[in-house]
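Below is one structure, written out as C-alpha cells; the observations come after it.
The values are calculated or read from the model by the stated rules, or taken from the named source; none is laboratory data. As the structure is a computational prediction, the values presented were derived from the model and not from experiment. Cβ atoms come from the backbone with ideal geometry, glycine included; neighbour counts cover every protein chain shown.
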Amino acid sequence: MDKKPLISKYLAIGIILLFVGTYFIPSTSQKIEKSSPTSKDNTLYVGTDMTPPSVKIVKPEKGRYYIFGIKIPIISVPTTVIYGRIRIKVEASDNESGMNYVEFYIDDQLKFTDHSAPYMYIWTQRGLLFPYQISVRAYDNAGNYAIFCIKAWKIF
C-alpha cells in the first residue's frame, strides 16, 4: 500500500480544519512587556541602564504559513501556521549595557536559553491542532528584560 496518498489526504484534511478553526478561535496576538531593572531573583541593579532591551520574533512571521521552516510566500493566512519543525529567530539588542541572553518559551514553558546572537531555537516538538503561544524574554546586562509573544498553530 502506497503511504504517500494517505499522508497527502491527512495533510489536506488538517489544513482545511485549520482554516475553519481560525475563524472561531482568536488566532494571533502580539504582546510586548518591559520590565524595571531586576534580575530573576528580584535583586535591584543600581546603575545607569534603566531601559529594557528591544526584542522581536522575526521568524515565524505573523500570518504566514511554514512547511518545515520554509515560508510559503503564496499563502497568506489569518494566523501563523507551522507544519513540522521550525527555527524560531529573534532580534534582540540593548544600546546601553548590552545583551545578556534570550529565553524561549512555548506555552509558558521554558524550552531554551541562548546566550549569544543570533538568537535562535529549533522547535521540534510535535504539535496538535490548536494554537500555541511562542514567547521570548530578552535580558540585558543590567537585568532589564522585555517580552515579545505571538500565537501560532502547529501541526506535526
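Ile88 meets the stated requirement of being of a type in the set (Val, Ile, Thr), buried (at least 19 other Cβ atoms within 10 Å of the Cβ) and touching a Pro at 6+ places or on another chain (Cβ under 8 Å).
Residues that are surrounded by 11 or more Cβ atoms within 10 Å (Cβ to Cβ), over 21 Å from Ile106 (Cβ atoms) and at pLDDT below 95 within the stretch 53-73 comprise just one, Ile72. Restricted to the stretch 102-156, and to residues there that are free of Cβ contacts under 8 Å to residues at least 40 places away in the same chain and among the acidic types (Asp, Glu), the residue that is surrounded by the most Cβ atoms within 10 Å (Cβ to Cβ) is Glu103.
Would you say Glu91 is at pLDDT 85 or above and touching a strand residue (DSSP E or B) at 6+ places or on another chain (Cβ under 6 Å)? Explain how you work it out, then say what you get.
Working: at pLDDT 85 or above: yes; touching a strand residue (DSSP E or B) at 6+ places or on another chain (Cβ under 6 Å): yes.
Taking the combined requirement at face value, the residue satisfies it.
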